[in-house]
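S.K.: Structure incoming, see below.
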Amino acid sequence: MGFSRSFSCSVMGALILGCLLLQASTSNAQLRPDFYFRTCPGVFLIVGKVIVEELGSDPRIAASLLRLHFHDCFVNGCDASLLLDNSTTFRTEKDALPNANSVRGFDVVDRMKSEIEEACPETVSCADILAIAAQISVLLSGGPWWPVSLGRRDGFEAFFDLSNTALPSPFATLAELKTVFSDAGLNRTSDLVALSGAHTFGRAQCIVITPRLYNFNGTNKPDPSINPTYLTQLRKLCPENGNPTVLANFDLASPNRFDSQYYTNLRQGKGVIQSDQELFSTPGADTIPLVELYSRNTFEFFRAFAKSMVRMGRLKPLTGTQGEVRLNCRVVNSRTSGVETEEGGVVSSI
């Protein structure tokens, strides 16, 4: 998208208004939108400022930050385990097959954390930063707003093995996708279709595209569900035995904008990866009516996506005295004792 200053200012204005509304919340849930009202009221603005600045030079970063939140929450819940580097006690999730040379934006999260620590020391968890960054990234890209529940704590370990099995595969069948979503604690149909709409922006590497272009399911033929004209386009971009790291837009029409074009693409046989096209091309699938609905009605897609993001953000959170607030999102804190504030900040430690 052509990211303009006027557009970013108008969205940030809406963000500020949303923050003010959230600060009036009286929710008593463990996770609540106004969690940092007293301890770090500017957290949304700090995260938003960083994203706006990064978008000026990297139009992919919004989709990448949203993906970080997805890949964190699907693996043992939303605990920022994805952000941890290798240690002597665990292997980083960044090395897992779905993440290696694929997930990105860690340096941007580091920048957010650094600025937040300067403003609100030892207060905002890395898991909450990912949740906030995902929401603002979608909003800045033209997508919906939703109330971000906050109060998560950061975990003490990463889960390399689980990352290889718990994340949806780009080669998955519809049945396999439903199992992954169900295992994560999400709805097998409504959440699956709505959250897959995140592929309305962003990129995919040729390595996850070429099998269906040349040897789908070992047939030495392309996936029959691909639109023939689109097949020719994809083959030019991703030739057989070509560079596997070349990037293809998930959406040719509006690659950096969050809209409902993704579902129109599926109806036209223009899903980039197999797991996307499965939602529409699997005969008799209960996902087809939702694809058709969201293709026709952007409002319905935005409403469903927002609801599903709230549900995903509540997967197995660490709260209260569980976990910690990492000072550096890449490493677990040194083991210290501390006194927790009412809203999660550490006021003293030794």
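S.K.: Looking only at residues that are touching a strand residue (DSSP E or B) at 6+ places or on another chain (Cβ under 8 Å) and not hydrophobic (A, V, I, L, M, F, W, C) in segment 121-136, which one is most open to solvent (accessible area, probe 1.4 Å)?
M.R.: GLU122
S.K.: Kindly establish whether ARG257 is without any contact (Cβ under 8 Å) to a residue 40 or more places away in the chain, within 21 Å of ARG303 (Cα to Cα) and open to solvent by 10 Å² or more (accessible area, probe 1.4 Å).
M.R.: Taking the combined requirement at face value, the residue does not satisfy it.
S.K.: Does LEU174 meet the test of being in contact with a strand residue (DSSP E or B) (Cβ under 8 Å, 6 or more places away or on another chain) and closer than 23 Å to ARG267 by Cβ?
M.R.: No: the conditions fail for LEU174.
S.K.: Considering only segment 219-238, I want to know if a residue exists there that is in contact with a strand residue (DSSP E or B) (Cβ under 7 Å, 6 or more places away or on another chain), open to solvent by 20 Å² or more (accessible area, probe 1.4 Å) and hydroxyl-bearing (Ser, Thr, Tyr).
M.R.: No, that holds for no residue.
S.K.: Something else about it: For the condition among the aromatic types (Phe, Trp, Tyr) and either open to solvent by 60 Å² or more (accessible area, probe 1.4 Å) or assigned to a loop (DSSP other than H, G, I, E, B) (or both), what is the one hit in PHE181, PHE171?
M.R.: Being among the aromatic types (Phe, Trp, Tyr) and either open to solvent by 60 Å² or more (accessible area, probe 1.4 Å) or assigned to a loop (DSSP other than H, G, I, E, B) (or both) holds for just one of PHE181, PHE171, which is PHE171.
S.K.: If you go through segment 96-120 one residue at a time, how many are without any contact (Cβ under 8 Å) to a residue 60 or more places away in the chain, part of a loop (DSSP other than H, G, I, E, B) and open to solvent by 30 Å² or more (accessible area, probe 1.4 Å)?
M.R.: 2
S.K.: Kindly check whether there is at least one residue in segment 283-296 that is charged (D, E, K, R), open to solvent by less than 50 Å² (accessible area, probe 1.4 Å) and modelled with pLDDT of 95 or more.
M.R.: Checked against the condition, which is being charged (D, E, K, R), open to solvent by less than 50 Å² (accessible area, probe 1.4 Å) and modelled with pLDDT of 95 or more, segment 283-296 yields no hits at all.
S.K.: Now for a different question. Any chance segment 314-324 includes a residue that's within 23 Å of ALA175 (Cα to Cα), touching a helix residue (DSSP H, G or I) at 6+ places or on another chain (Cβ under 6 Å), surrounded by 15 or more Cβ atoms within 10 Å (Cβ to Cβ) and in contact (Cβ under 8 Å) with a residue 60 or more places away in the chain?
M.R.: Within segment 314-324 (the criterion being within 23 Å of ALA175 (Cα to Cα), touching a helix residue (DSSP H, G or I) at 6+ places or on another chain (Cβ under 6 Å), surrounded by 15 or more Cβ atoms within 10 Å (Cβ to Cβ) and in contact (Cβ under 8 Å) with a residue 60 or more places away in the chain), the answer is yes, since at least one residue qualifies.
S.K.: Hey, among the residues in segment 212-235 that are more than 29 Å from the chain's Cα centre (by Cα) and in a helix (DSSP H, G or I), which one's farthest from HIS199 (Cα to Cα)?
M.R.: GLY218
S.K.: What number goes with the only condition from (1) closer than 18 Å to ARG111 by Cα; (2) among the hydrophobic types (A, V, I, L, M, F, W, C); (3) under 19 Å from the mean Cα position of the chain (by Cα) that LEU45 does not pass?
M.R.: Here LEU45 clears every test but (3).
S.K.: Here's something else I'd like to know. Name, by its number, the condition in (1) crowded, with 24+ Cβ neighbours inside 10 Å; (2) of a type in the set (D, E, K, R); (3) not in a loop (DSSP other than H, G, I, E, B) that does not hold for ASP79.
M.R.: (3)
S.K.: Just to be sure I understand, how many residues within segment 265-277 are open to solvent by less than 30 Å² (accessible area, probe 1.4 Å), in contact with a Ser or Thr (Cβ under 7 Å, 6 or more places away or on another chain) and in a helix (DSSP H, G or I)?
M.R.: Counting residues in segment 265-277 that are open to solvent by less than 30 Å² (accessible area, probe 1.4 Å), in contact with a Ser or Thr (Cβ under 7 Å, 6 or more places away or on another chain) and in a helix (DSSP H, G or I) gives 3.
Here's the yes/no breakdown for (1) open to solvent by less than 60 Å² (accessible area, probe 1.4 Å); (2) over 20 Å from CYS120 (Cβ atoms); (3) modelled with pLDDT of 95 or more; (4) of a type outside the set (A, V, I, L, M):
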{"position": "GLY2", "(1), (2), (3), (4)": "no, yes, no, yes"}
{"position": "ASN28", "(1), (2), (3), (4)": "no, yes, no, yes"}
{"position": "PRO41", "(1), (2), (3), (4)": "no, no, yes, yes"}
{"position": "ILE46", "(1), (2), (3), (4)": "yes, no, yes, no"}
{"position": "ILE51", "(1), (2), (3), (4)": "yes, no, yes, no"}
{"position": "ARG67", "(1), (2), (3), (4)": "no, yes, yes, yes"}
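S.K.: Filter segment 141-168 for residues that are assigned to a helix (DSSP H, G or I) and surrounded by fewer than 24 Cβ atoms within 10 Å (Cβ to Cβ) and give the result.
M.R.: Hits for segment 141-168 are PHE160, ASP161, LEU162, ASN164, THR165, ALA166.
The values are calculated or read from the model by the stated rules, or taken from the named source; none is laboratory data. Because the structure is predicted, anything quoted here is derived from the model rather than measured. Cβ atoms come from the backbone with ideal geometry, glycine included; neighbour counts cover every protein chain shown. When the accessible area is computed, the model is the full protein with side chains, heavy atoms only, and any ligands, DNA or RNA have been set aside. Shrake-Rupley method; radii C 1.70, N 1.55, O 1.52, S 1.80 Å.
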